[in-house]
Amino acid sequence: MKLDKLLEYQKLDIGLRRITLELEKSDDAKKIEVAKQEFAIAKKAIEDSEKNALSLVEFFGELEKNYQEVGKKIDKLIDQIEKQEKELEKKPDKTSEFEKSINELAALKSEAASIENKIADQKSKGDETIQKYKAASDRAKKVRDFHAKAKERLDILQKTKDPEIKAIKTSLKKLEPQIDEIFMTQYKTITSEGKYPAFVEAHLDGKNFSCKGCGMSLSQTGSSALISQSYTSCESCRRIVYTLGKIASN
Ligand SMILES: [Zn+2]
C-alpha cells in the first residue's frame, strides 16, 4: 500500500489548481464576467426596443388607416351637407336631417382630432424607442471592446502559465498509473466536490484522532482502521485521513 505517489500527485494537482484559480480570479477574468452580464443586459434592451418599434409601426399603420377612413367620411359628409343646404332653400322643413349631418360632422372631426393626438403620441414614443435602441447599441459596442481587451490580456497571462500547466499535467499523467486505482478514484471523487486536499493527515490529540480536513474526531471504528491500515475515510467529510508514520514503514 503506497500513498506516497498519491500524495505527490495531490501536491502537484493542488499546484495546478492554484494556477487555474489564479487565472479564474484574475481582474481580467472578473472583467470578462462583468462584460458578459452587461452585454446580456444591452442585448435585451436592443431586442426590447426592436419589438417595441415593430408594434409601434403596426399601431401607427392602423392609426393612419383609421385617420384616412375618417377623412373620407368627413369629405362625403361635407358633400352631403352642401346638398342638404341647397335643398333646405327649397324645402325648409328638412332642418332636422341637416342638423343631424352637422352633428355627425362634429363627431367625426373630434374623432379625427383624437386620432391625430394618438399619432403624435406614437411618434414621440417612436423617438423614445429609437433613443433607447441607440443607447443600448452604444453600450453593447463599448462592452464588446471592454471584453475584447480583457480577453486579450487574460490570453497573455494564460500563455505565460501554459508551460507550467503543461509540465504539471505531464507529471500527473506519469504518476497516475503508479497510484492504486482505489486511491485515484477516491481522490477524483473527493476533489470533484471541491474538497482540497482530498487526502489529509490525521491529527493526533492525546489518544484521539481527528481529520485535518474538517476537524471532526474519528470514531472508534475509524481510528482502529487508521491504526491498522494507516488510512481511513473521514465519517464527516469523506476525505481520506492517513498517518504518515505507518505509510513510511509500509
Ligand atoms: Zn473530515
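Each reported figure results from applying straightforward, stated rules to the coordinates on display, with no laboratory input. As the structure is a prediction and not an experimental result, all values here were calculated from the model. Quick reminder, even Gly has a Cβ in these numbers, built from the backbone with ideal geometry, and neighbours come from all protein chains shown.
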Contour minus end-to-end for residue 96 and residue 79, with contour as 0.36 nm per residue of separation and end-to-end as the Cα-Cα distance? 4.4 nm
Tell me which residues come under 5 Å, amide H to amide H, from residue 200 once H is placed; ignore anything under 5 positions away on its chain. 240, 241, 242
FRET efficiency (residue 4, residue 229; Cβ distance; R0 22 Å; to 0.05) is 0.90
What's the FRET efficiency of residue 212 with residue 41 using the Cβ-Cβ distance as r and R₀ = 41 Å, to the nearest 0.05? 0.35
Can you give the extra length, in nm with one decimal, that the chain gains between residue 117 and residue 55 once fully stretched, where that is 0.36 nm per residue apart less the Cα-Cα distance? 20.5 nm
When the helix-only estimate is applied to the chain (DSSP H runs of n ≥ 4, each -39,500 (n - 2.57), divided by the residue count), what is the mean residue ellipticity at 222 nm, nearest 500 deg cm²/dmol? -28000 deg cm²/dmol
In whole Å, how far is the Cα centre of the stretch 86-112 from that of the stretch 35-68? 43
List the aspartates and glutamates whose Cα lies under 20 Å from the Cα of residue 31, skipping any in the same chain that are fewer than 8 positions away. 22, 138, 145, 152, 155
Nearest 5 is fine: what % of DSSP beta bridges in the chain come out antiparallel, could you say? 75
Under the 0.36 nm per residue contour assumption, what length would be gained going from the current alpha-carbon distance of residue 172 and residue 221 to full extension? 14.3 nm
Helix 4-24 versus the longest principal axis of the chain: what is the Cα-based angle in degrees, 0 to 90, to the nearest 10? 30
Which entries of 51/149; 5/174; 43/149 show an alpha-carbon separation above 22 angstrom in the structure shown? 51/149
If you look at just the Cα atoms of the chain, how large are its Rg and its Dmax in Å? 40.4, 132
I need the P(r) histogram for the stretch 107-250: all alpha carbon pairs, bin width 5 Å from 0 out to the longest distance, whole percents. 2, 8, 9, 10, 9, 7, 6, 5, 5, 5, 5, 4, 4, 4, 4, 4, 3, 2, 1, 1, 0, 0
Phi angles of the stretch 176-189, converted by Karplus (6.51 cos²θ - 1.76 cosθ + 1.60, θ = phi - 60°) into ³J(HN,Hα) in whole Hz with x for Gly and Pro, give 3, x, 8, 9, 3, 4, 5, 5, 4, 5, 4, 4, 5, 5
Percent of Cα pairs exceeding the 16 Å cut-off, where the set is the stretch 115-182: 73
Under 18 Å Cα-Cα from residue 86, which lysines qualify once same-chain neighbours fewer than 8 residues away are excluded? 76, 94, 100
What's the percent breakdown of Cα-Cα distances in the stretch 181-249 across 10 Å bins, shortest bin first? 24, 55, 21, 1
